[in-house]
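Student: Sharing a structure here in structure tokens format.
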Amino acid sequence: MKSLGDLRKEPHWSVSQLNTFLSCSLQWAYRYYYKIDSESVGVALLFGKAIHTALSFSVGEDPEDAKKLFADEFHRLVKNETLPVLFPQAKDLESLTETGLKMMDAFLLNLNTDKITGIGIPFSVNLIDRDGQKLKKPLIGEFDAVENNEGMTIIVDWKTAGSKWPEGKADGELQATAYLMAYEQMHNEKAVARFDICTKAKTPRFDSQWTTRDDDDSFRLVELVKSADKAIESEAFYPSPTFMCAGCSYKQACKKWHCSKPQLQKAA
């Protein structure tokens, strides 16, 4: 299997892409269709990358080494970023590093190292609708971890969050649908999904949410992608004002959306 980086070089859909399209089609278009350069990057993205890098390394390693890797990687990502890095109010690199180290403690305390059978597993699978028709672009992604517990396969995803997930949130996550569909297509067997969530709080809170999916959930996901493809063909892109606009990487371009249209490029 190719690396996730190599898979991203070919036309594809990912959960991140689909969630972006569903939350704001214009942001999706700026990033993936018109290919406009980002104006900034939220520090949360870099923070999450550093956490994932450290957790992927941590299996079978000294926890202190994993924590050091998080701090080193987070600082490296921030300092090497060429775009302006947006920090939350009253937060800076050092305070977020301190928070991240506490979160690493919580993650590592709850890591089921004896049950993990794989880490950072990339995938590329077909999107097939209820009539057996295959979509043009595959779905790609990467399992953070795969566990086996007495014969039950568990697809694990590590999440950092600003607050505790509400009960049942995992049941509505497209990521679980996509990843369980992908695993079944790859191995011809069912799995369950578990989100391990740690909050970015002074005293981080760790929780896990489990969820399952059936074939109907998979078909619904494919129909969402088909609907998105139709909208893209029509260039039906428009802004969707929400609280997330404050951290958007295309705020200035969005302000001028009604005045001019970017030079069109072939979608990636």
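Coordinate-derived values only; no laboratory data. As the structure is a computational prediction, the values presented were derived from the model and not from experiment. Backbone-built Cβ (ideal geometry, glycine too); neighbour counts: all protein chains shown.
Student: Figure the gain on full extension for H187 and K68 (residue separation times 0.36 nm, minus the Cα-Cα span) and round it to one decimal in nm.
Tutor: 39.3 nm
Student: Between their Cα atoms, which of K49/K169; K137/K159; K68/K137 are more than 30 Å away from each other?
Tutor: Beyond 30 Å: K68/K137.
Student: To the nearest 20 Debye, how big is the dipole of the stretch 150-268 about its Cα centre, given +1 on the beta carbon of each Lys and Arg and -1 on that of each Asp and Glu?
Tutor: 1040 debye
Student: Under the rule a/c < 1.5 gives rounded, and otherwise a/b versus b/c splits prolate from oblate, where does the stretch 111-268 land using the Cα gyration tensor?
Tutor: oblate
Student: A follow-up question, please. Would you work out the relative contact order for the stretch 9-123, in percent, from Cα pairs under 8 angstrom that are 6 or more residues apart?
Tutor: The normalised contact order for the stretch 9-123 reaches 27 percent.
Student: With contacts defined as alpha carbon pairs under 8 Å and 6 or more residues apart, what's the relative contact order of the stretch 118-268 in percent?
Tutor: 18 percent
Student: Another one. Using only DSSP helix segments of four residues or longer, with each worth -39500 (n - 2.57), what per-residue ellipticity at 222 nm results for the chain after dividing by its residue count and rounding to 500?
Tutor: Taken over the chain, the calculation gives -12000 deg cm²/dmol.
Student: Length gain on complete extension for the stretch T212 to S240, per 0.36 nm per residue less the alpha carbon to alpha carbon distance?
Tutor: Full-extension gain reported as 7.1 nm.
Student: What is the stretch 74-156 by shape, rounded, prolate or oblate, if you read a ≥ b ≥ c off the alpha carbon gyration tensor as root eigenvalues and call it rounded for a/c under 1.5, prolate for a/b larger than b/c, and oblate otherwise?
Tutor: oblate
Student: Let me know the charge dipole size of the chain about its Cα centre in debye, to the nearest 20, where only the beta-carbon of Lys, Arg (+1) and Asp, Glu (-1) is charged.
Tutor: Values: 34 positive and 38 negative charges, 255 e Å.
The dipole magnitude comes to about 1220 debye.
Student: Which of the listed residues, S25, S208, Q133, is farthest toward the dipole's positive end in the chain, when Lys, Arg count +1 and Asp, Glu count -1 at the beta-carbon?
Tutor: S25
Student: Taking K and R as +1 and D and E as -1, what net charge do the other residues with C-beta under 12 Å from the C-beta of R220 add up to?
Tutor: Neighbour charge sum, excluding R220 itself: -3.
Student: Of A170, I154, S218, which is farthest along the charge dipole of the stretch 153-261 in the positive direction, counting Lys and Arg as +1 and Asp and Glu as -1 at C-beta?
Tutor: Projecting each Cα onto the dipole axis, the largest value belongs to A170.
Student: When a/c reaches 1.5 or more, the comparison of a/b and b/c decides; with that in mind, is the stretch 192-264 rounded, prolate or oblate per its Cα gyration tensor?
Tutor: Oblate is the answer for the stretch 192-264, as a/c is 1.5 or above yet b/c matches or exceeds a/b.
Student: Quick one: compute the contact order of the chain, relative version, from alpha carbon pairs under 8 angstrom and 6+ residues apart, as a percent.
Tutor: Relative contact order, the chain: 25 percent.
Student: Also: Apply the Karplus curve 6.51 cos²θ - 1.76 cosθ + 1.60, θ = phi - 60°, to the phi angles in the stretch 102-113 and return the couplings in whole Hz, x for Gly and Pro.
Tutor: For the stretch 102-113, the Karplus-derived couplings read 5, 5, 4, 4, 5, 4, 5, 5, 10, 6, 8, 4 Hz, x marking Gly and Pro.
Student: Expressed in nm to one decimal, what extension gain is obtained for the pair W257 and K49 from 0.36 nm per residue of sequence separation less their Cα-Cα distance? Numbers along the way, then the final one.
Tutor: Details: separation 208, 0.36 × 208 = 74.88 nm, distance 3.05 nm.
In short, 71.8 nm is gained.
Student: For the stretch 27-83 and the stretch 180-209, what is the separation of their C-alpha centers, rounded to whole Å?
Tutor: If you average the Cα positions of each part, the centres end up 19 Å apart.
Student: The chain: longest stretch without exposed GluC sites (Glu not before Pro) (DSSP loop, at most 13 other Cβ within 10 Å), sites themselves excluded?
Tutor: 62-149
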